[in-house]
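> Please read through the structure below; I'll follow up with questions.
What follows draws every value from the coordinates through simple rules; no lab data is involved. It should be emphasised that the depicted structure is a prediction, and the values quoted were computed from it without experimental measurement. Note that we place each Cβ from the backbone using ideal geometry, even for glycine, and neighbour counts take in every protein chain shown.
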Amino acid sequence: MELESRVPNEANLAAARRRIAQARKLRDSTDIMELRAATDLLVEAAATFDLAALPVEFGALHLDLADTLNLRARLGDPDVLDEAIDCYQKAIVVFNRDEFPEAFARAFHGLGLANWAGGQLEAARWCFETVLEALSPEVSPLEHARARANVAAVLAATPEAQARAQAVAIYESVLDAVSPETHPADHAGFLLALGQTRRVQLEGSRQSQLEAAVAAFIRAADVANAGARGDLRSAALAEAALTQVELTALDPFRFDQARQAFDLALAEVSADSQPDRHAELRLGFGRLWAGRLPSGDEAACEAALTQFEAAIALAPRVSTPALVAPALIEAPRVMVEGPARTQARVDRAIELSRHALSAWPRAQFPTEYARVNLSLGTALLASAASDRTANVREALEAFEVGLDAINRDAEPVAYASLQVALAEALAARTDGDRADNLRRAAAAANRALEASDEDRAVVGRANHLLGRLALESGGTSPQALAESAAHLYRALEDRPLDGDPVAHAETQMLLGMALASQAARGEPHLLAAAIEAYRASAAAYDVESHPRESASVHFNLAVALMQSASDAHGLSEAVRSFEVAAKVFHAAAYPQQHAMISSNLAQARSRLEALA
């Protein structure tokens, strides 16, 4: 027995159609509440239409409902994605390719977007290729180009290098087919997608791909501007600026160009109308400035912190805290590692790091959680306020918690950084068994070297610390002194003068001490090398910013020169270095040190006068 079609009465039908019309007006909005209201109206209307009695209206309603749900999923309601896919499939039952080509293409296009949002890339690609087959490039050239671009977008999202390269070729072909004069918005959108695809290329020169991406973004901004599409223009300018961060890391001479790109993008992307994108730009701009910190640029440090703080200030207004959470890791690092570190900055670093522990919970973000603990521990070690012993103890706890959370195999660089930081904290610890602290510090530094050599700064810190520990714990042992010098020589390879002058000076100072000790214990030929290390350290230190360290080096240099000098030139240099040390360690504040320096200075002058 055949089932009869359920035909609604006219009154119910008219009411349902009114609901559909209301829903379509609401669907033009990007407000999530209005889209939910549209969904409710369409669901109410759906009860009126029967597939057998009114197949076309049944299909059209489910197509509208699917598009609404799809848009909701993209705007923050991911739970409705499966329902959207189900509605598209109901529409596809009605709209075949030959009789309803436009509805057929719309349904498969929406189904492709829904699958893509759900991470089903192969299903999405099949849907978009189905749309492509249904469109004629002669009859619907623009729709055909859009369908090809969708295929390219899926290829660009796959991990295979060949697929990504194919996506670039498709976008370039699409751009040739769509004129910027007749279709500026579409052309600009395709250029924007091409730039994004260039940015994720895995083949060829990384720098060349990034340069091509920036060129595509800039061209997209110009075309969008000509087509009066401010939204596309601002998106393209933002992408150009953000790409410049990585590009400048490869080519530092592009910094000024990158800075101008951020200035232009921030002027176009308002914090009031686009808080998410504005926060992303502030974060990127901060990273750009932070890239200049190894050279010791205080202005770069201040600029980086200004941008990171601006991003953090937008936390109450962005759609998700994850957009600004990275700044809670990066800002403390700059505050502690940047030049001219102040107690105020260290205090702020501790405050932000503690706040970041809740922004990056261990259960969901173990790697980020570990990095937050690295920042917190580093700031505590740098703090001169409160109880130093308690700060070191809390720093040790932070590093150990971070190491417990991190996966060594998956994140070897972060693991090595935490091990070096743990080693430095153990070496700084004053409570407990000193010998045991130093032993544990050496073990942690060696674990860092075993884990990764990718971050050369970390490798340099590890070797520097091992050299210092061997010098401190080995006493007069020739083996310990030789081991110390070997580590310090290796450390200098990763602590060059032009990279970090202070770190370079610290290592040269220790190397001079190790070599001078070896010279005093039966290897006098090493005294000349010790003097050269002291000279390098003295030249690297800035007396105004590091007066005590500089004075200590000059004192050691002068003593070594007194031991080796037999001519007026060497003794004159010793006198000058003693004088530098005496100015810093003056009698009022450092009576004992000043007395010792003055005694040595008098001897040096006396010997110089005797030669004269």
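> Given the peptides 222-228, 247-253, arrange them by the average over their residues of other C-beta atoms within 10 Å, most packed first.
Going from most to least packed, we get 222-228, 247-253.
> Relative contact order of segment 347-399, please, whole-number percent, based on alpha carbon pairs below 8 angstrom and at least 6 residues apart.
Normalised by residue count, the contact order of segment 347-399 is 35 percent.
> Cα axis of helix 343-359 to longest principal axis of the chain: angle in degrees, 0 to 90, nearest 10?
40
> Treat the count of other C-beta atoms within 10 Å as a stand-in for reagent exposure and order MET509, MET335 from fewest to most.
Listing MET509, MET335 from fewest to most nearby Cβ atoms yields MET509, MET335.
> Any chance you could give the angle, 0 to 90 degrees and rounded to 10, that helix 275-290 forms with the longest Cα principal axis of the chain?
Tilt of helix 275-290: around 30 degrees.
> I want to check the label-to-label distance for ASN96 and ALA384. Put each point 7 Å from Cα in the C-beta direction and report it in nm to one decimal.
Between ASN96 and ALA384, the simple spin-label model gives 8.4 nm.
> Restricting to DSSP H runs of at least four residues, report the calculated mean residue ellipticity at 222 nm for the chain, -39500 (n - 2.57) per run over all residues, nearest 500 deg cm²/dmol.
Taking each H run of at least 4 residues, the total per residue is -25000 deg cm²/dmol.
> Using the alpha-carbon centroid of each, what span in Å lies between segment 461-522 and segment 581-600?
26
> Taking a cut-off of 32 Å, what percent of all Cα-Cα pairs in the chain are separated by more than that?
Result for the distance tail: 62 percent.
> Select from segment 171-249 those GluC sites (Glu not before Pro) which occupy a DSSP coil region and have at most 13 other Cβ atoms within 10 Å, ordered by residue number.
Here the sparse-neighbourhood loop sites are GLU181, GLU203.
> To make sure I understand, if each residue's beta carbon is the centre and we count other beta carbons within 10 Å, what order do MET596, MET513 fall in, fewest to most?
MET596, MET513
> Angle, helix 230-250 long axis vs. longest principal axis of the chain, Cα atoms, 0 to 90°, nearest 10?
Approximately 30 degrees, to the nearest 10.
> Another question, if that's okay. When ranked by the protection proxy of mean other Cβ atoms within 10 Å per residue, highest first, what sequence do the peptides 103-113, 370-380 form?
370-380, 103-113
> For segment 174-245 and segment 419-453, what is the centre-to-centre distance using only Cα atoms, to the nearest Å?
With segment 174-245 and segment 419-453 each reduced to a Cα centre, they are spaced 49 Å.
> How big is the gap, in Å, between the Cα center of segment 6-35 and the Cα center of segment 64-78?
First find each Cα centre; the distance between them is then 16 Å.
> For segment 345-421, what are Rg and Dmax over the alpha carbons, in angstrom?
For segment 345-421, the Cα-based Rg and Dmax read 12.0, 37 Å.
> Taking 8 Å as the Cα distance limit and 6 or more residues as the minimum spacing, I'd like the relative contact order of the chain as a percentage.
4
> Using a cut-off of 12 Å between beta-carbons, work out the net charge of the residues near ALA236 (Lys and Arg +1, Asp and Glu -1, ALA236 not included).
0
> For labels at ASP251 and ARG434 in the simple 7 Å Cα→Cβ model, what's the distance in nm?
With each label placed 7 Å out from Cα toward Cβ, I get 5.5 nm.
> Using the reciprocal of the averaged 1/r over all distinct C-alpha pairs, how large is the Kirkwood radius of segment 494-612 in Å?
Mean inverse Cα-Cα distance, inverted, gives 14.5 Å.
> Which value, in debye to the nearest 20, gives the size of the charge dipole of the chain about its Cα centre, when Lys and Arg are +1 and Asp and Glu are -1 at the Cβ?
The calculation lands at about 1620 debye.
> Next question. Pull out the extension gain between GLU397 and GLN22, defined as 0.36 nm times the separation in residues minus the alpha carbon to alpha carbon distance; nm, one decimal.
Gain on stretching GLU397 to GLN22: 129.0 nm.
> Sum up the charges of everything whose Cβ sits under 15 Å from the Cβ of ALA538, counting Lys and Arg as +1 and Asp and Glu as -1, but leave ALA538 out.
-3
> Given labels modelled 7 Å from the Cα in the Cβ direction, how far is it in nm from ALA169 to LEU13?
About 5.3 nm, to one decimal.
> When the chain is fully extended, how far beyond the present Cα-Cα distance does SER319 get from ASP453, taking 0.36 nm per residue of separation?
Here the answer is 44.4 nm.
> Let me ask something additional. Tell me, Kirkwood radius of segment 56-182 from alpha-carbon pair distances, in Å?
That comes to 15.0 Å for segment 56-182.
> Can you tell me the relative contact order of segment 551-612? Whole percent, Cα pairs under 8 Å, sequence separation 6 or more.
Once divided by the residue count of segment 551-612, the mean separation gives 36 percent.
> If you add up the charges near LEU314, with Lys and Arg at +1 and Asp and Glu at -1, over every other residue whose beta carbon is less than 11 angstrom from its beta carbon, what do you get?
That works out to -1.
> To continue, here is another question. Going by average Cβ neighbours within 10 Å, how do the peptides 600-612, 515-527, 437-449, 321-333 rank, with the highest at the top?
Ranked from most to least packed, the peptides come out as 321-333, 437-449, 515-527, 600-612.
> Semi-axes of segment 551-612's equivalent ellipsoid from the Cα gyration tensor, sqrt of 5 times each eigenvalue, largest first, rounded to whole Å?
They are 21, 11, 8 Å, listed from largest to smallest.
> What is the order of TRP360, TRP289, TRP126, fewest Cβ neighbours within 10 Å to most?
TRP126, TRP360, TRP289
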